[in-house]
Every structure is written in C-alpha cells, then in structure tokens.
Amino acid sequence: MPAKKTARGRRAAGTPFNLLVTGHSGTGKSAFLKTLYETLDVQKLVWPSSETPADESASPFPPADIAAPTPCAAKFEFDDDSTGERIVLRLIDSPGLPIPVNVHKAPAERDYSHLANAWSDEIIRYLESQFEATLLEESKVKRNPKSPDYQTHACLYLLDPQICYANRGLTPVDRLTLKRLCTRVNVFPCLSKADLLTIRQIKDLRKWIMDDINQNDIPIYKFVEDPEVEYDDETTALNAELRSLLPFAIINSEESPDGAVLASPTADNGDAPAEAAEPKPKFLGREYTWGVVEVTNPLHCDFIALKQTLFGTHIDELRIVTREALYEQWRTEKLLEVRGSIVGRASVAGSAHNTLEHATIRSQKIAAAAAGVKSGSGTPVPVEEA
C-alpha cells in the first residue's frame, strides 16, 4: 500500500531508511550503491561522531573486499524527487553469493542447503543484530526518544541473468537463500545487467522467476493489498504495475578502472559562450557502439520505478511491515526461545536438587549406621538402596 505523506513533524529530522543490497557474485552490488547515490539529491553526509573523517572528500562506501554485510560509513540525507520528503538513508553492502558452475546441470536431488546456509548465515546474523539493538533499546527503563532506527527495511536481491536463464528461473541455492532472508527483511528480487538482455529475454526471465517464487511459496515483497483495506483506483493500478515489473530489471552506470561511477554531461554545448552555457544534467549509463543505455530512462530499465517504490510510494509501508511484522515475529521467536531455555533450566535444576537431596539423606543414614557400629550399640541401622 503506497505511503500517505501526512507527517510534517519528521520532515526536519528526516525519515530513516536502511537498504541492504545482496545477491549473486558479480552482479554489481557495490556499483549499484554508487549509481543510486549519484541519482539522489544528497544534502549532506551524516557521519557518526566517532568516525567523522578529517578529509571531507573521503569515500563513505565500504571497501571492495568485505566479508560480511557492511554499512556505509556515513548516512545520506536527501530530498526525495517525487514527494520532497527528507530521508536519511543508510546503505549496506554485502559479499556476493557464489553460485556453483553448471548448477543447472546438477542432479535435482543434490542438496545445496549447506552452501545456502553458510552464505546466508552472515546476512541473517546482521539483520537479527539490528533487531537485537531495537529490543535492547525497548528494554531500557528510560528510553532514548532520539534512538536511531536500526532495522533493515528493504533488501535488493540481485540475480545474474545468465545464470537464471540457464536454470530457466531461480537456482536451488536461490530458493533456499530467499526463503531465509524473507523471514527477516522485505526482499525485492532484481535482474542485474539488464542492458545485456533483449526484451524477450526479460519477459521470459520474469515469468520463470515469478513462477519459481510462487510455486515454492517464497514470501518476497509482492505489493499484495490487504483485503480489509479499501484502496483507490490509482493505488490498485500502481500495485498491479509494480507486480508486473518483478523482478525489477536494473542497470548500473559505467565505472572507471578504480571503481568510481562515471557521470558525464548528457550533451555538448559546442562553441557556446561560457556565460550562455546552461548546467548539464548528469548522464548515468553505458555507451555502446550501437547507442546509449541510460539508468534513469524508464524505457531502458526499471531503476526509477524501483527508486520511487523504495523512497516514495511504499516507504512508509516497508517501515511498518518491518516493525510490526518482521521484527515482532523475530521478537516472539526470541522470547519463546528464552522462555523455553528458562523452563528447561528450571527442570534440570529441580531434578538436580532432588538428586542432591536424596544423596544427602542417604549419606546421613550411612553416617548414622557407621556411628552405631562404632559405638557397639548393637545392630547397625539398615540403609535403603537408592
């Protein structure tokens, strides 16, 4: 359900939003974060007081060799293009999921759970650590009204289109991984490198992947409408359109050899005098011998539709679902786990106490019997066997 922009009070502070990008190795996750940054109207970088760099030009992005989910060193405070709302964005990069070569040729019964779990454990651990930070803050007698929003509100799962095409959909590793991730975060599957696909290939991949997701009951974020809520025609049409775009087809802007995103002007003003030259918008995309692909052109990819979904139409719903469904589910599981552990310990402690008590009584009887023999008082006191 698209968000309703009614809260003026948070405009000054900004709406917190945390976005994780993960998925297949080699799909351009880090490049996507940098491309996304270039499309934002960033007003300032919000550095933690302990990490503010001496050099203001220092990059806030994580290094290339990360081994676990790693947030950018600074948050990005920007105004959303469509709503004008101030958003404080934390971007989280992650290592890639290595898909086995020729996985599509492997026997159907092969078990990939070890690989899927080994990789997703780090992601799940990070997501749950953010839930734990929230629970810790809630447990304080005196809560901090300015406590940050730790929870991860959305996850983009980038798929290698060549691997998906060879598998006619998701790989077994993807199915296992997505099922785990969807229990802790709102997941949006995305086709990376969409500029390398024909329109027919994108249609085929969308059908195969969504068939896989539906047949395996993988609860990604599907823009499903609540049957108890009455939606207007515009909202219903928007959700239907966004559902038809799953998985989102995205491209990244070209990068320089050092990993920096290349953002060049869109056109040349020729010999026009300097005073007459108008500011040129950035060009984010890729140049080929046959033409140009633009990141922000809706005819070329779904980058803008995805961006508007995350930061515009559905930002409030994503935050609410994270808080009221995903976090509460984890919290309930955690409390039941703790309760079960306490009950188990109490049972063990009770059993140990009974054993100790029985052993104490028996030792006392043995001691009494021994004392009777020593004193020559007659027949020893009989001792009951345990």
Problem - From the options ILE87, ILE99, residue that is in contact with a helix residue (DSSP H, G or I) (Cβ under 7 Å, 6 or more places away or on another chain), surrounded by 15 or more Cβ atoms within 10 Å (Cβ to Cβ) and in a strand (DSSP E or B) - result: ILE87
Exercise for the section: Output the number of the condition that SER82 fails; it satisfies all remaining conditions of (1) open to solvent by less than 40 Å² (accessible area, probe 1.4 Å); (2) within 26 Å of ALA249 (Cα to Cα); (3) of a type in the set (Gly, Ala, Ser); (4) at pLDDT below 90. Expected result: (1)
Fill in the blank from the handout: Reported set for the range 159-186 where residues are of a type in the set (Val, Ile, Thr) and surrounded by fewer than 24 Cβ atoms within 10 Å (Cβ to Cβ) is ILE163, VAL173, THR183
Exercise for the section: Might you let me know whether the range 133-153 holds any residue that is in a helix (DSSP H, G or I), open to solvent by 60 Å² or more (accessible area, probe 1.4 Å), modelled with pLDDT under 95 and among the basic types (Lys, Arg)? Expected result: no
Practice task
Test GLU122 against the criterion of being under 29 Å from ILE251 (Cβ atoms), of a type in the set (Asp, Glu) and open to solvent by 60 Å² or more (accessible area, probe 1.4 Å), and give yes or no.
Solution key: yes
Problem - Breaking point among (1) open to solvent by 20 Å² or more (accessible area, probe 1.4 Å); (2) at pLDDT 95 or above; (3) not basic (Lys, Arg), for TRP47 - result: (2)
Practice task
Kindly indicate whether any position in the range 348-367 is open to solvent by 90 Å² or more (accessible area, probe 1.4 Å), farther than 30 Å from LEU40 by Cβ, under 44 Å from the mean Cα position of the chain (by Cα) and at pLDDT 65 or above.
Solution key: no
Problem - The listed residue being over 21 Å from LEU19 (Cα atoms), surrounded by fewer than 16 Cβ atoms within 10 Å (Cβ to Cβ), of a type outside the set (A, V, I, L, M) and in contact (Cβ under 8 Å) with a residue 60 or more places away in the chain, out of ASP211, ASP226 - result: ASP226
Problem - Meets criteria (loosely packed, with under 12 Cβ neighbours inside 10 Å, over 24 Å from THR15 (Cβ atoms) and modelled with pLDDT of 95 or more) for PRO279 - result: no
Handout entry: Residues that are basic (Lys, Arg) and under 21 Å from LEU33 (Cβ atoms), drawn from the range 156-201
Key = ARG184, LYS193
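The values are calculated or read from the model by the stated rules, or taken from the named source; none is laboratory data. Note that the structure is predicted; figures quoted are calculated from it, not measured. FYI the Cβ positions are ideal-geometry reconstructions off the backbone, even for glycines, and counts take in every protein chain you see. The area values use the complete protein model at the heavy-atom level, side chains included, leaving out ligands, DNA and RNA. Shrake-Rupley method; radii C 1.70, N 1.55, O 1.52, S 1.80 Å.
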